[in-house]
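The values are calculated or read from the model by the stated rules, or taken from the named source; none is laboratory data. Please read all numbers here as calculations on a predicted model, not as lab measurements. So basically every Cβ, Gly included, is an ideal-geometry build from the backbone, and we count neighbours across all protein chains shown. Each accessible area value is taken on the protein alone, full model and side chains, heavy atoms only, with ligands, DNA and RNA left out. Shrake-Rupley method; radii C 1.70, N 1.55, O 1.52, S 1.80 Å.
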Amino acid sequence: VAPYERPALSKAYLFPEGAARLPGFHVCVGSGGERLLPEWYKEKGIQLILSTEIVKADLPAKTLVSAAGETFKYQILIIATGSTVIRLTDFGVEGADAKNIFYLREIDDADKLLEAIKAKKNGKAVIVGGGYIGLELAAVMKINNFDVTMVYPEPWCMPRLFTPDIAAFYEEYYANKGVKIIKGTVAVGFTSDSNGEVKEVKLKDGRALEADIVVVGVGGRPLTTLFKGQVEEEKGGIKTDAFFKTSFPNVYAVGDLATFPLKLYNELRRVEHVDHARKSAEQAVKAIKASEEGKSVDEYDYLPYFYSRSFDLSWQFYGDNVGDTVLFGDSNPKSQKAKFGSYWIKDGKVVGAFLEGGTAEENQAIAKVAKLQPSVQSLEAVKHEGLSFACKI
């Protein structure tokens, strides 16, 4: 399949009505860019080679070898292999290879899950994991009229980003929608029926949950294996400079697997997000073009950005989630249209901002605050001002 934008897979692709389908979400339609249909590549003189896996990369020889034994020579290489899902079978979890245990990474995964949703109509779904995929899939399975239980080991959902206060809103909102949440334990095994289909999820705390469908979202890992020992790595990814150049000449790495200098915080980071995937690719190409013309481009100056949509909810986050936090607005899950947010304050400056239920203008305001990092007099003052603090910057 020609390149497409993965966020659709855990949201609209699985909707019972008004579902997203290709060519609706080919790259880069999600950011308001041009939609790159297969014919676009032909028109631009780009050779798009599908159904071809590269199994060997020899950087000194500037060659790539496919599974079919074909050799590709290059002058400049951009590594954009992204990441792959972490599977429970990787850890030898008992029964984790049963049918109807799903992971969501590719369009094929979404198609298989869709088939199961139709086959197991109004059945029981267990979601393993309380991050992005867990929250979005729990919502979508509920919309498909499944009995949904979420299981995760942490004390609250989305722990890498959410504070306990923020998480409490989403957990109660989901509970009000009929999603059952089991925290502080993990899936340690699965039993299956005589057809090899999953029947039960066994938890570490001794409980067993009935399941017709299990969806696992326990994280990803960068796909760097092809280049091991040939380029410098750091923080699990391929180390690059501010132009996404690797330690090997004429080889660039972008997206999930690039560990790059995050200028705003003066540190090396790896960011797994569609926004950075688009922007890092653009930066690498601009840098390549500039070097061919003997010109230069500005260093990559990225503002971390994350978002999610589920049920009638929609949140955005910008910046860094470190320091003290201030919750503002209406965070009552029973509200008709809850609108609330949080600022992260470190060394007297706002370094991060989160907003649920914001308008386009309000989301732009919190992005601006996270980028400019204004000083604050006191946490109380910012709490009192709430969203208006961001809107006046």
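If you go through the stretch 88-99 one residue at a time, do you hit one that is over 29 Å from Pro159 (Cα atoms) and either in the same structural domain as Gly189 (by the TED database) or open to solvent by 30 Å² or more (accessible area, probe 1.4 Å) (or both)? Spell out how you get there, then give the answer.
Going through the stretch 88-99, the residues over 29 Å from Pro159 (Cα atoms) turn out to be 99.
Right, trim to either in the same structural domain as Gly189 (by the TED database) or open to solvent by 30 Å² or more (accessible area, probe 1.4 Å) (or both) and you get 99.
Yes: the stretch 88-99 contains one or more residues that are over 29 Å from Pro159 (Cα atoms) and either in the same structural domain as Gly189 (by the TED database) or open to solvent by 30 Å² or more (accessible area, probe 1.4 Å) (or both).
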Exercise for the section: Could you list, in sequence order, all residues of the stretch 61-79 that are of a type outside the set (S, T, N, Q), surrounded by 13 or more Cβ atoms within 10 Å (Cβ to Cβ) and in a strand (DSSP E or B)? Expected result: Leu64, Val65, Phe72, Leu77, Ile78, Ile79
Exercise for the section: Considering every residue within the stretch 102-121, establish whether at least one is touching a residue at least 60 places away in the same chain (Cβ under 8 Å), in contact with an Asp or Glu (Cβ under 6 Å, 6 or more places away or on another chain) and open to solvent by 60 Å² or more (accessible area, probe 1.4 Å). Expected result: no
Completion exercise
Within the stretch 313-331, residues being surrounded by fewer than 16 Cβ atoms within 10 Å (Cβ to Cβ) and either assigned to a strand (DSSP E or B) or without any contact (Cβ under 8 Å) to a residue 12 or more places away in the chain (or both) number 3
Problem - Conditions (1) within 29 Å of Leu313 (Cα to Cα); (2) open to solvent by 20 Å² or more (accessible area, probe 1.4 Å); (3) among the aliphatic types (A, V, I, L, M); number of the one not met by Val188 - result: (1)
Practice task
Check whether at least one residue in the stretch 342-351 is in contact with a Lys or Arg (Cβ under 8 Å, 6 or more places away or on another chain) and in a loop (DSSP other than H, G, I, E, B), and report yes or no.
Solution key: no
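Test Leu209 against the stated conditions and say whether it is assigned by the TED database to the domain that holds Lys124, part of a strand (DSSP E or B), in contact with a Ser or Thr (Cβ under 8 Å, 6 or more places away or on another chain) and not hydroxyl-bearing (Ser, Thr, Tyr). Give the steps one after another, and end with the answer.
Details: assigned by the TED database to the domain that holds Lys124: yes; part of a strand (DSSP E or B): yes; in contact with a Ser or Thr (Cβ under 8 Å, 6 or more places away or on another chain): yes; not hydroxyl-bearing (Ser, Thr, Tyr): yes.
So Leu209 passes the test.
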Exercise for the section: Identify, from the list Tyr307, Tyr300, the residue that is modelled with pLDDT of 95 or more, open to solvent by less than 30 Å² (accessible area, probe 1.4 Å) and of a type in the set (Phe, Trp, Tyr). Expected result: Tyr300
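Could you please give the count of residues in the stretch 46-69 that are out of contact with any strand residue (DSSP E or B) (no Cβ under 7 Å at 6 or more places or on another chain) and not hydroxyl-bearing (Ser, Thr, Tyr)? Walk me through how you get there before you give the answer.
In the first step, residues of the stretch 46-69 are kept if they are out of contact with any strand residue (DSSP E or B) (no Cβ under 7 Å at 6 or more places or on another chain); the result is 46-51, 58, 60-61, 68-69.
Those left that are additionally not hydroxyl-bearing (Ser, Thr, Tyr): 46-50, 58, 60-61, 68-69.
The qualifying residues number 10.
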